[in-house]
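Here is the structure we will look at, set down as structure tokens.
The values are calculated or read from the model by the stated rules, or taken from the named source; none is laboratory data. What you see is a predicted model; the values in this text were computed from it and never measured. For neighbour counting, all protein chains shown are included, and Cβ atoms are generated from backbone atoms with ideal geometry for every residue, glycine included.
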Ligand code: TRP
């Protein structure tokens, strides 16, 4: 019996270490405790690393996303959900859904149930402005969010975390705010409706909105240092700004952070489209939500946009050759793809014709799955490249021919974004919805 008691005490201690909470028998497992069990930077047997700061795998095909769903405790976006979205909206599902680029979700069925009963929700997404220039990978959540906004016709809030970048990077506050405004232009250039969209810089909006700050403080009161250590891997020597930042990314998940849009209501649920590396923030948010009288945000998770060098890591804004930037010229785009895009082709033309290429590791092909909308054309390219009928240079040419006009059009739209337009988007105001 002594042994058993000792073991139980040990277990309770471990539980407290991992969860930051006292063990009470019969207490329901919370999302935070059930998903952060393997520590801050959870890794699978094959060493995939996914957290808000690092994405890396040793597998050339990229991260094993099915395993990630199990590890994070989210749900797979299956055909049934995709069909249901089609039924409810009457629109053909976006190719990001059809092709598994958005692959995981939390509580989407709940959002759709409510929507079918004429209950509205809102969209929340964001961007950490770490530099002036964004790359094509950064567009993925925004392209998808725009589609969601159009098919569901709901309000959208976009958080620019200039405060986060100040805390994490060696940058001045003024620089971070300037990057936020520069990035805001690229986001607006994606085509959001100004009557339905509010974009805000944390540095600015925090001082303007008691509703927002009150929620930040409520969240701060309900999360312990132990918990954020477990979720994000913070240590005793991290500055307190970092330790409390997750509350700031969590707060826009609650409608009362935007009284001007929701007329003070706190019962409008949010839906957050984001890359899967942001999930730790929202696991924490979902854990806190019911304890401060809010509904849990629903989520849509995307895969990562691979670096040119291969799917072992995501595109990085700090390595110019790993990414195609929204400021690149047609010539730069062509050169980067031809020189740096990792190829699944064979070394010689003879071998390639004989054995065919491997689309599972070919970065140009992966990019085509993001940007070539025509399903039949994509399938034809896949077949031809795999059989060896299509050469690597020809495959790359398909991609170049898609990205050059896409980025040129983006640059053209960005030029139209005047200071006045930015001001309109960033002014706290009522949107074209009555609550
Ligand atoms: N932390 C995110 C980044 O560094 C920015 C962000 C804030 C965000 N709120 C979000 C991203 C909500 C997705 C959804 O890019």
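Odds and ends about this structure:
- Among the candidates 388, 393, the residue that is at positive phi and touching a residue at least 24 places away in the same chain (Cβ under 8 Å) is uniquely 388.
- The set of residues in the stretch 286-308 that are within 20 Å of residue 220 (Cβ to Cβ) and near the ligand (Cβ under 10 Å from one of its atoms) contains only 297.
- Scanning the stretch 121-146 for residues that are more than 13 Å from the ligand (Cβ to nearest atom), part of a helix (DSSP H, G or I) and under 24 Å from residue 430 (Cα atoms) gives 143, 146.
- Across the stretch 338-356, not a single residue is classified as outside any loop (DSSP other than H, G, I, E, B) and within 20 Å of the chain's Cα centre (by Cα).
- Qualifying residue in the stretch 59-71 (condition: farther than 25 Å from residue 295 by Cβ, away from the ligand (no atom under 16 Å from the Cβ), without any contact (Cβ under 8 Å) to a residue 12 or more places away in the chain and more than 19 Å from the chain's Cα centre (by Cα)): no
- For the stretch 41-52, the candidate set comprises residues that are at pLDDT 85 or above and in contact with a helix residue (DSSP H, G or I) (Cβ under 8 Å, 6 or more places away or on another chain); within that set, the residue that is surrounded by the most Cβ atoms within 10 Å (Cβ to Cβ) is 50.
- Residue within the stretch 401-416 that is more than 21 Å from residue 311 (Cβ to Cβ), touching a helix residue (DSSP H, G or I) at 6+ places or on another chain (Cβ under 6 Å), part of a loop (DSSP other than H, G, I, E, B) and at pLDDT 95 or above present: no
- Checking each residue of the stretch 152-164 against the condition of being away from the ligand (no atom under 16 Å from the Cβ) and at pLDDT 95 or above gives at least one match.
- When 377, 396 are screened for being exposed (fewer than 15 other Cβ atoms within 10 Å of the Cβ) and either in a loop (DSSP other than H, G, I, E, B) or over 25 Å from the mean Cα position of the chain (by Cα) (or both), only 377 passes.
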